[in-house]
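Heads up: the structure comes next, in structure tokens.
The values are calculated or read from the model by the stated rules, or taken from the named source; none is laboratory data. A quick note: this is a predicted structure, and the numbers were derived from the prediction, not measured. Quick reminder, even Gly has a Cβ in these numbers, built from the backbone with ideal geometry, and neighbours come from all protein chains shown.
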């Protein structure tokens, strides 16, 4: 083996040799382990032999539960040690345990009886705890405590300690000589009673209370010191927190004497129960007005209040609960409010305050009326027929306290003090009724209404003179007169109004027929616009009963030379249009009839139409040719050839030009144009029906021929003299409205569309 390796081995042996020698002298104790149930049931105690130990598992414990522990050591002294689940292994391993056991709950070399109230130290987790009864010379006791000797016995009683409702602290402490600790800090209401007792286990010392300002010195709050309580089983002190220390932070202190201090202590509160009412309304309110009552200043630092109940009417029945409530009253007077506080322990304490409820609200007067011929107008006033009676009531008047009396006045004169009465009037007019009501606090309120006594008889317009007027010229002054009949009002008491424009609502009342453009039974008006004009006349009596009627007048342009020429031109145009419509309609009807005649003769529809087209193309047929002519059928029903038809047509043309007389004037020129035939209205109507898909035409057809002189080689010209027109009035057979048509003297008839509904009408002289 080389020298370096040997050196390393030697150094390692030097390092480890002391550790090996140290552990070889320690031996793990041989301890019996028992359940707590087996121990507490033993009346004679559990024996522990010399050199032995017993470990008792007392279960998982938390700081929230204080344990009352009673220990009795018999026959010989023993060590009683408290370990948690971590530190117990140190003891079991035979290691030095003196810094691991719980000082507060441990005793060394104890014989006899001892008790303590102990809570496990405050920690984040609950732990399992063990009590060791040691009757051996443990290798880790450093020669302290009992070293064994004789067989010893022990008794153990362990249970949760009795608690108080408002506990401050309940525990055991172990202080070194001269050590001072703050066992617990607290802040409570002034008047709260604090009680605490101390049980000395060993040593001596003091318990007292300090404020935060006193912690750094030796000053103590007077009346709180429990001095040198050693040698007594328990010592108790009761102290009431003064008002000046209300809710101030205070500290429960302990200080050991020269020999140290081992003791159990219990401190608890008796909270003050003193409900407090705060009224923000200064103890006054009005009927129906809510006020806020506040009990938040009631002492409750220890949450000792279970409930707060309020009685607003002194009937011993709670009306509200909570720290803040709202109260109101329906009647005036002095109200006693009682607040009762109940603690968590069931104790109750009450306090009270008084609220003055006043009535400063005026009552509201309401008039109600009933009657057979009674109603309300748009202004909310009553209308009563002069022949009727009405009943007036004050029963719907109201107040926050009640109506004590009523008073009625008519036009300022007192008439009744009853809540209701009947009244009638024989004369029409307006009457002011006033009702005054008074409540029990002498507050009053009034209301007035107007009773309009009226005559229910309605006037009737007499407008026969106006109805006869149907037409007026533009700009012409027109005098209109209206009258009316009324069973009550005289003629001079009636009012007539004229509304000349029914398209506007000048007075904005929603009715376009009652605007008073003119007033009076007789008015003179003129119209500036041509066309149909409507106006209305309304009659009112003294009671505002009314009757009205609407009239329609046609406003026409004044006759002029220019307008007559225009009318003549329009008439000619209409004649041409109507004749065209009639012609085409006639041809259509006759052609269908011609086809039917040919088909009856044995031709097909196509052959019949081809024959008609050929005859029309090669021959000049009359404008109003009949079906037989179109089909080329003679009067006796014989079908003509096309050559025969052509010859006959030529002959008719020459006859039309030269005439049928044998004596022909060589200087005659062309024959004068024959007068056009008057259109039969039935034929025109049939023609229009044949062209129903064509738009309707308004036409005037004149049966009078055009007269004039014939010049050689020319045509007949109209006479230079302008004919004088004539107006015809008629009633439309469709809509029943009147309208007029201007006809020339030579015109015998005309077809004209109604200007109101558009339906054609036949005029004949």
- Item | In segment 419-459, the residues that are assigned to a loop (DSSP other than H, G, I, E, B) and over 45 Å from the mean Cα position of the chain (by Cα) | 425, 426, 427, 428, 455, 456, 457, 458, 459
- Picking from 129, 118, which residue would you name as being at pLDDT 95 or above, in the same structural domain as residue 41 (by TED's automatic domain parsing) and closer than 18 Å to residue 32 by Cα? 129
- Going through segment 490-513 in order, the residues found to be outside any helix (DSSP H, G or I) and either in contact (Cβ under 8 Å) with a residue 12 or more places away in the chain or not assigned by TED's automatic domain parsing to the domain that holds residue 532 (or both) are 494, 495, 496, 497, 498, 499, 500, 501, 502, 512, 513
- Here are some conditions: (1) at pLDDT below 95; (2) surrounded by 17 or more Cβ atoms within 10 Å (Cβ to Cβ). Residue 86 meets all but one. Which one does it not meet? (2)
- Note on the structure: Filter segment 263-305 for residues that are part of a strand (DSSP E or B) and without any contact (Cβ under 8 Å) to a residue 40 or more places away in the chain; the one that is nearest to residue 333 (Cα to Cα) is 292
- Requiring at least 3 residues that are within 40 Å of the chain's Cα centre (by Cα) and crowded, with 18+ Cβ neighbours inside 10 Å, the strands (runs of 3 or more DSSP E) wholly within segment 318-409 are 333-343
- Item | Filtered residues of segment 410-452 (kept if loosely packed, with under 13 Cβ neighbours inside 10 Å and farther than 30 Å from residue 543 by Cβ) | 417, 442
- Task: Could you tell me which of the residues 174, 186, 154 is crowded, with 17+ Cβ neighbours inside 10 Å and in the same structural domain as residue 69 (by TED's automatic domain parsing)?
- Result: 154
- Query: Going by the structure shown, is residue 233 farther than 21 Å from residue 104 by Cα and touching a strand residue (DSSP E or B) at 6+ places or on another chain (Cβ under 7 Å)?
  - Reply: no
- Name every residue in segment 51-83 that is within 60 Å of the chain's Cα centre (by Cα) and surrounded by fewer than 18 Cβ atoms within 10 Å (Cβ to Cβ), in order of residue number. 62, 63, 64, 65
